[in-house]
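Visitor: Would you mind keeping the following structure in view while I ask a few things?
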Amino acid sequence: GIWNDIRRMATLENPVTEAFFQQARVQLGNGERIRFWQDTWTGQTTLQTTFPSLYRVSAQQKELVSNMGWFEGDIWRWVLSWKRMLTEEESQAEIALNNILQQHYPRRDTRDKLNWGRGGHFSVKDLYRKAT
């Protein structure tokens, strides 16, 4: 589908691909198509880029957002798993990560979306303009 095509495009290095991904933003729905560490869904960068030390010790490096916790009634509970005990510095980073995650959580009946640019709608004309 479209998500696989976009992920394949991410491996290419050219001005069009760079322009596309500079403008692309993932909007979290149920989290079934968004990679927790590798996709940009909580801000301007990936969690892997923002928290490299936590990524290295995560036992969930390849997981989707939907697999990073569960619903207790209507409340989403994040569950992070580490390969080992965290150092003091990593524990401080975990607190910062949890502060971000408190502002973002999956929604059961909403699909994940990819928005592009300020208005959220993709156009080839806008992409061409940004790539040149």
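Visitor: Report, by chain and number, residues whose modeled amide H sits under 5 Å from the one on ALA24, excluding near sequence neighbours (fewer than 5 apart, same chain).
Guide: GLY117
Visitor: With every protein chain left in place, what is the accessible area per residue of region 34-102 in square angstrom, probe 1.4 Å? Intermediate values should be presented prior to the final figure.
Guide: Details: 3940 Å² over 69 residues.
Value returned for region 34-102: 57 Å² of accessible area per residue.
Visitor: Peptides 83-89, 96-102: what's the order by average Cβ count within 10 Å, highest mean first? Before the final figure, lay out each step's value.
Guide: Details: 83-89: 10.0, 96-102: 12.9.
Highest mean packing first, the order is 96-102, 83-89.
Visitor: Based on the mean of other Cβ atoms within 10 Å per residue, sort peptides 69-82, 39-52 so the most packed one is first.
Guide: Details: 69-82: 11.6, 39-52: 16.1.
So the order, starting with the most tightly packed, is 39-52, 69-82.
Visitor: What FRET efficiency comes out for the pair TRP82/THR49, r = Cβ-Cβ distance, R0 = 22 Å, nearest 0.05?
Guide: Values: r = 19 Å, r/R0 = 0.85.
Between TRP82 and THR49 the formula returns 0.75.
Visitor: Taking LYS62 as the anchor, which aspartates and glutamates have their alpha carbon closer than 16 Å to its alpha carbon, excluding any fewer than eight residues away along the same chain?
Guide: GLU32, ASP39
The values are calculated or read from the model by the stated rules, or taken from the named source; none is laboratory data. Note that the coordinates shown come from a computational prediction; the quantities given were computed from them, not determined experimentally. Glycine gets a Cβ as well: all are built from the backbone with ideal geometry, and neighbour counts include every protein chain shown. Calculation scope for accessible area: heavy atoms of the full protein, side chains included, ligands and nucleic acids excluded. Shrake-Rupley method; radii C 1.70, N 1.55, O 1.52, S 1.80 Å.
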